[in-house]
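The values are calculated or read from the model by the stated rules, or taken from the named source; none is laboratory data. Values in this document were obtained by computation on a predicted structure and should not be read as measured data. Cβ: placed from backbone, ideal geometry, glycine included. Neighbour counts: every protein chain shown.
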Amino acid sequence: MGDYIVLIISCVFVNNILLAQFLGNCPFLGTSKKMETALGMSMAVIFVMVLAGGITWSVYHMLLVKYNLQYLTTIAFIVIIASLVQFVEMFLKKSMPALYAGLGIFLPLITTNCAVFGACLINIGEEYTFMQSLVTSFGFAAGFGLALILFAGVREKIILARVPKALQDTSIGLITAGIMSLSFFAFKGMV
Amino acid sequence: MDAVLVPVLIMGVMGFTIGAVLAIASKVFYVYEDPRIAEVESSLAGANCGGCGFTGCGAAAAAVVGGKALPSVCVVAGPETTAAVASIMGMDPGTAESKLSCNSCDGGLRAENKYHYMGATTCAAIAAMYGGKKTCEFGCMGYGDCVRSCLFDAIFINEKGFPTVIESKCVGCGACERACPKSVLHVVTMSDRLLAFNQTDGRLAPCRQECPAEIDIPRYIAQVRDKDYAGAVATIRERNPLLLSCGRVCPHPCEDYCRRGIEEEAVSINQLKRFAADYEMNTGSRLPISCAPDTGKKAAVVGGGPAGLSCAFFLRRLGHDVTIFDAMPKLGGMIRYGIPEYRLPKEVLDWECQGILKTGIEAKMNMRLGEDYTTKSLKEDGFDSIFLGIGAWSDYMLNVEGEDLDGCYTGIDFLTRFALQQQKDSLEDTPIPIGQKCAVIGGGNTAIDCVRTLVRLGAKEVYIVYRRTRNEMPANMVEIEAAEHEGIQFHFLAAPTKVMGDANGKVMGLEYLKMELGEPDASGRRRPVPIEGSETVIEIDMLITAIGQGPDVSFKDKESLDDMRFTRWNSIEADPETLQSDIPYIFTAGDAYTGASLVVAAIGGGRRAARAMHLYMTDQEVTPVEKSLREKHIPVSIFDKVPGLNSTTRVEMPELEVEERIQSFVEADLVITEEDAEVESNRCLSCCITCYDKD
Ligand SMILES: Cc1cc2nc3c(=O)[nH]c(=O)nc-3n(C[C@H](O)[C@H](O)[C@H](O)COP(=O)(O)OP(=O)(O)OC[C@H]3O[C@@H](n4cnc5c(N)ncnc54)[C@H](O)[C@@H]3O)c2cc1C
């Protein structure tokens with residue numbers, strides 16, 4: 001149990017997928033202008049990343065390793081994640097219309113979210129067990145959400161500040177992200 | 001061999017499995033979705049730009065199918081796309097009216113500062129601090145959040161510091177409306193604009209609050225100042241289709257509320273209106289007037305006076321099919337048959353009426369309600385709603401002895417008969433015999449028009465006999481002055497008691513009692529009380545009584561209109577906000593509703609009724625205007641001092657010399673020159689609620 005908690009802390013803070021590993025930057029900049037959208041995106045990512053973590057682990061260990069086809073990992077994972085998102089979308093639309101409406105356009109956006117793909121590859125690379133991969137996937141997704149929500153909070157305040165013309169909008173966004181990332185490096189060595 | 005076969009096989013199987021699972025899933029998790037959504041989506045631009053305000057083309061398509069957006073939703077595609085979408089939806093592409101962004105504040109920057117501000121230069125930032133640094137809570141702050149929000153470069157901050165929308169570039173996406181923290185910018189269709197009424201939270205100059213037709217006065221004056229005369233005409237016409245007539249006869253209640261008038265002479269607002277209106281007529285070509293796409297609804301407008309013309313004009317512009325029915329041979333109502341030629345030349349009125357009809361309104365003349373048709377027969381003929389703007393054409397009687405002697409007339413009757421003759425529409429050729437010494441009883445516009453007409457017809461001595469004093473006369477002040485100049489003799493504080501006749505039954509004298517002013521009555525005017533034994537007789541050979549008029553409602557006896565209520569004065573009872581009568585499909589306005597009133601009031605009422613009829617005919621609930629400012633003012637906007645003004649003088653209205661004008665019926669008042677219009681328009685303070693331009 002303790003292991004899992006350590007794992008989660010390491011994924012959320014120390015190895016934060018956004019601020020330490022720099023994956024998933026497009027949605028990070030794209031959906032962080034408003035707290036509302038940031039929340040929607042975070043929820044969608046948590047949902048998909050956990051599912052994707054589980055499925056890719058299974059496919060890797062049960063199929064690719066068995067036939068010694070590890071070199072197909074990348075292409076197989078891309079196909080799996082893309083179709084998974086499609087599947088989840090259809091499933092939610094039918095059985096959980098409320099959740100579907102809530103996640104809205106963020107679900108299909110995840111298809112192109114490299115953080116999901118990255119998390120799956122990390123799971124494999126670190127040779128985690130199935131349970132561990134589920135937990136790390138959740139941790140990474142939660143970390144992504146945390147960073148996104150914090151960033152959205154900052155950005156909502158930035159519009160009230162005097163920003164030199166050349167640095168407005170995305171530029172100041174990236175600078176802010178950099179500073180946030182530096183502060184997250186303070187967690188290094190904690191776990 | 002295996003090295004190739006196995007991975008290919010595995011990937012193939014994987015792809016197949018995934019495909020199969022997705023295929024099955026799409027059946028299992030099938031949710032019915034209107035097939036039109038997909039069709040609509042495929043006709044949209046597919047750019048997923050979000051310019052329409054929806055999250056991508058799919059969402060926009062769903063909104064169109066769900067009835068939440070119009071076929072013109074896509075801001076990047078052209079009219080073909082709109083037509084394609086409309087055909088999928090089985091809608092007339094026309095029903096999609098294009099939207100435009102409009103700025104409702106033109107100068108919040110002139111208001112005083114509450115604090116010194118050095119923070120971020122965005123509207124959102126400064127609005128977050130006590131609602132902005134200006135004392136004006138309503139106005140534009142000028143930091144241009146709207147400009148930054150616009151994807152189409154259609155807004156810029158002009159040299160005066162407030163946003164201007166470039167109409168040709170604006171696609172009506174609404175981004176600026178969402179960006180503006182003060183909701184100064186609104187994205188609306190033309191219909192929305194035509195249907196807008198003054199609201200308690202509007203950005204309205206005091207003159208604009210007072211105008212019964214709610215014309216955007218500061219805006220058209222600014223347009224005259226900028227020499228954009230066509231723009232000024234369009235601004236006026238958005239509220240008042242009878243600008244030539246109003247520019248001549250309106251007693252301009254707006255000028256009483258002009259802020260400059262608090263310190264010195266008010267801006268001559270009506271002269272500027274006339275200047276703009278005459279400009280269009282003098283160019284000889286009409287500015288185009290656009291109408292919303294046809295709605296397929298039919299409205300009947302009974303009465304072609306100012307109220308009827310205004311109602312018909314706005315209904316037509318909202319896309320309805322309108323027919324005017326009028327009892328007289330020509331359109332115009334009282335402004336044709338009451339107001340004499342020298343005040344409003346009928347050539348001018350003809351031009352104005354033609355312009356209104358040219359929007360596509362049919363007019364059926366010589367058709368009297370109650371004789372040639374009834375409200376029921378109109379309904380049976382397929383009219384979805386009916387407007388009654390029949391005016392007030394029935395003269396009140398004095399109820400004194402001898403009133404029916406030979407040589408006695410009533411005001412409306414006299415003016416109408418004379419106008420008919422003058423316009424050669426009358427069947428009777430014998431002109432009304434004009435006396436040498438004529439008395440007109442009454443103090444309103446009708447009385448003054450009668451005396452000024454009599455002077456022009458050659459009467460030697462003309463008297464006005466009025467119960468109260470000059471101050472209480474309801475006629476327009478300029479009219480009273482003009483009558484004085486033209487040599488009319490006034491008998492004030494005189495209450496007629498008897499009309500005396502000779503042996504042949506011909507009028508020869510009028511006896512009246514002298515009065516003095518007593519306590520104020522309900523209307524606030526001091527009530528005249530008779531002085532005992534003060535009978536006086538004036539010798540006359542012609543008498544006109546013009547003591548007021550009420551609607552002629554004889555039509556109600558020709559059909560059973562029991563459901564409709566009338567007031568004690570025969571005016572039609574209706575809801576003051578919606579002007580809907582007790583019969584839901586019948587609406588009213590103008591003199592028929594208010595009793596004898598003003599042209600502008602009839603015009604404003606006509607538009608108000610048009611709004612309600614539009615709601616009624618498009619199956620919406622006929623509700624009052626929200627936060628309506630009808631006959632009210634925004635308290636903070638009414639000042640008692642306006643510091644910091646340079647003293648200026650108002651331009652004089654040019655008029656014909658008295659000797660010249662009393663010889664004929666040519667127009668007595670003339671239009672101001674372009675130079676004068678420029679000077680006068682620069683006197684306007686461009687007020688809003690709390691701000692104004694100091695000079
Ligand atoms: C002599 C005079 C001078 C005036 N001067 C001024 C002025 O200087 N400034 C100002 O602002 N106002 C002035 N007014 C007031 C102004 O003219 C009226 O307030 C205004 O015309 C009212 O418009 P309306 O459309 O309600 O009625 P009207 O103009 O009276 O129009 C009613 C129309 O209905 C028609 N009609 C009537 N009965 C029937 C029926 N049964 N069937 C079919 N059609 C019917 C009539 O033919 C007429 O065309 C003056 C009025 C008079 C009488």
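When residues in the stretch B:522-547 are screened for being within 34 Å of the chain's Cα centre (by Cα), at pLDDT below 90 and in a loop (DSSP other than H, G, I, E, B), 4 of them pass. Filtered by the rule that a residue be more than 8 Å from the ligand (Cβ to nearest atom) and either in a loop (DSSP other than H, G, I, E, B) or over 15 Å from B:Gly550 (Cα atoms) (or both), the stretch B:577-599 gives B:Glu577, B:Thr578, B:Leu579, B:Gln580, B:Ser581, B:Asp582, B:Ile583, B:Pro584, B:Tyr585, B:Ile586, B:Phe587, B:Gly595. Show the residue pairs meeting these rules: Cβ distance below 9 Å; 6+ apart or different chains; first residue within the stretch B:354-373 and touching a residue at least 12 places away in the same chain (Cβ under 8 Å); second residue of a type in the set (S, T, N, Q) and crowded, with 19+ Cβ neighbours inside 10 Å. The qualifying pairs are B:Ile356/B:Ser310; B:Leu369/B:Thr375.
Could you tell me whether B:Met500 is outside the structural domain of B:Phe418 (by TED's automatic domain parsing) and either over 34 Å from the mean Cα position of the chain (by Cα) or surrounded by 14 or more Cβ atoms within 10 Å (Cβ to Cβ) (or both)? Criteria not met by B:Met500.
Restricting attention to the stretch B:369-383, the residues being away from the ligand (no atom under 11 Å from the Cβ) and surrounded by fewer than 19 Cβ atoms within 10 Å (Cβ to Cβ) number 6. Inspection of the stretch B:12-20 identifies at least one residue that is in contact with a Ser or Thr (Cβ under 7 Å, 6 or more places away or on another chain), more than 30 Å from B:Ala84 (Cβ to Cβ) and not assigned by TED's automatic domain parsing to the domain that holds B:Cys173. Restricting to the stretch B:350-360, name every residue that is more than 18 Å from the chain's Cα centre (by Cα) and not in a helix (DSSP H, G or I). Selection gives B:Lys358, B:Gly360. Can you find a residue that is surrounded by 14 or more Cβ atoms within 10 Å (Cβ to Cβ) and part of a helix (DSSP H, G or I) anywhere in the stretch A:159-167? There is no residue in the stretch A:159-167 that is surrounded by 14 or more Cβ atoms within 10 Å (Cβ to Cβ) and part of a helix (DSSP H, G or I). Screening B:Val451, B:Val478, B:Val455 for residues that are within 13 Å of the ligand (Cβ to nearest atom) and either over 33 Å from the mean Cα position of the chain (by Cα) or farther than 21 Å from B:Asp413 by Cβ (or both) leaves exactly one candidate, B:Val478. Just to be sure before I move on: is B:Leu315 within 16 Å of the chain's Cα centre (by Cα), crowded, with 24+ Cβ neighbours inside 10 Å and away from the ligand (no atom under 14 Å from the Cβ) in the structure I sent? Taking the combined requirement at face value, the residue satisfies it.
If you go through the stretch A:80-98 and keep only what is at the interface with chain B (Cβ under 7 Å from one of its Cβ atoms) and within 12 Å of A:Ala52 (Cβ to Cβ), you end up with A:Ser83, A:Phe87.
Kindly check whether there is at least one residue in the stretch B:1-20 that is at pLDDT below 85 and at the interface with another protein chain (Cβ under 10 Å from one of its Cβ atoms). Scanning the stretch B:1-20 turns up at least one residue that is at pLDDT below 85 and at the interface with another protein chain (Cβ under 10 Å from one of its Cβ atoms).
Candidates are the residues of the stretch B:242-264 that are in a loop (DSSP other than H, G, I, E, B) and within 13 Å of the ligand (Cβ to nearest atom); the one that is surrounded by the fewest Cβ atoms within 10 Å (Cβ to Cβ) is B:Pro251. Considering B:Val651, B:Val658, the condition of being aliphatic (A, V, I, L, M) and surrounded by fewer than 18 Cβ atoms within 10 Å (Cβ to Cβ) is satisfied by B:Val658 alone. The criterion of being surrounded by 24 or more Cβ atoms within 10 Å (Cβ to Cβ), β-branched (Val, Ile, Thr) and in contact with a His (Cβ under 6 Å, 6 or more places away or on another chain) holds for B:Val465. Among the candidates A:Thr37, A:Thr56, A:Thr73, the residue that is part of a helix (DSSP H, G or I), within 14 Å of another protein chain (Cβ to nearest Cβ) and under 30 Å from A:Ile159 (Cβ atoms) is uniquely A:Thr37.
For residues that are closer than 30 Å to B:Glu511 by Cα and among the hydroxyl-bearing types (Ser, Thr, Tyr), tally how many sit in the stretch B:352-410. Can you show your working first?
The initial filter retains those residues of the stretch B:352-410 that are closer than 30 Å to B:Glu511 by Cα, namely B:392-410.
Subsequent filtering for residues that are among the hydroxyl-bearing types (Ser, Thr, Tyr) retains B:394, B:396, B:409-410.
Residues that pass the stated criteria total 4.
Residues that are polar (S, T, N, Q) and not in a loop (DSSP other than H, G, I, E, B) were ranked within the stretch B:613-639; the one that is modelled with the highest pLDDT is B:Ser628. Mind checking which pairs have a first residue in the stretch B:448-474 that is within 14 Å of chain A (Cβ to nearest Cβ) and over 26 Å from B:Arg526 (Cα atoms) and a second that is modelled with pLDDT under 90 and away from the ligand (no atom under 16 Å from the Cβ), Cβ under 7 Å, 6 or more apart or different chains? Between residues of the stretch B:448-474 that are within 14 Å of chain A (Cβ to nearest Cβ) and over 26 Å from B:Arg526 (Cα atoms) and residues that are modelled with pLDDT under 90 and away from the ligand (no atom under 16 Å from the Cβ), there is no close pair.
Every test in (1) under 19 Å from B:Ala574 (Cβ atoms); (2) among the polar types (S, T, N, Q); (3) away from the ligand (no atom under 16 Å from the Cβ) is passed by B:Asn399 save one, and that test is (1).
Residue-by-condition table, conditions (1) buried (at least 24 other Cβ atoms within 10 Å of the Cβ); (2) within 12 Å of the ligand (Cβ to nearest atom); (3) assigned to a loop (DSSP other than H, G, I, E, B):
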{"residue": "B:Gly296", "(1), (2), (3)": "no, no, yes"}
{"residue": "B:Ala300", "(1), (2), (3)": "yes, yes, no"}
{"residue": "B:Cys311", "(1), (2), (3)": "yes, yes, no"}
{"residue": "B:Ile324", "(1), (2), (3)": "yes, yes, no"}
{"residue": "B:Met328", "(1), (2), (3)": "no, yes, yes"}
{"residue": "B:Val348", "(1), (2), (3)": "no, no, no"}
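Here A:Ile172, A:Ile122 are screened, and the one residue that is within 13 Å of chain B (Cβ to nearest Cβ), part of a helix (DSSP H, G or I) and among the β-branched types (Val, Ile, Thr) is A:Ile172.
Within the stretch B:524-572, being closer than 30 Å to B:Gly458 by Cβ and within 16 Å of the ligand (Cβ to nearest atom) holds for B:Ile544, B:Thr545, B:Ala546, B:Ile547, B:Gly548, B:Gln549.
Within the stretch B:87-129, being within 14 Å of chain A (Cβ to nearest Cβ) and either part of a loop (DSSP other than H, G, I, E, B) or modelled with pLDDT under 80 (or both) holds for B:Tyr117, B:Met118, B:Gly119, B:Ala120, B:Thr121, B:Thr122, B:Ala128, B:Met129.
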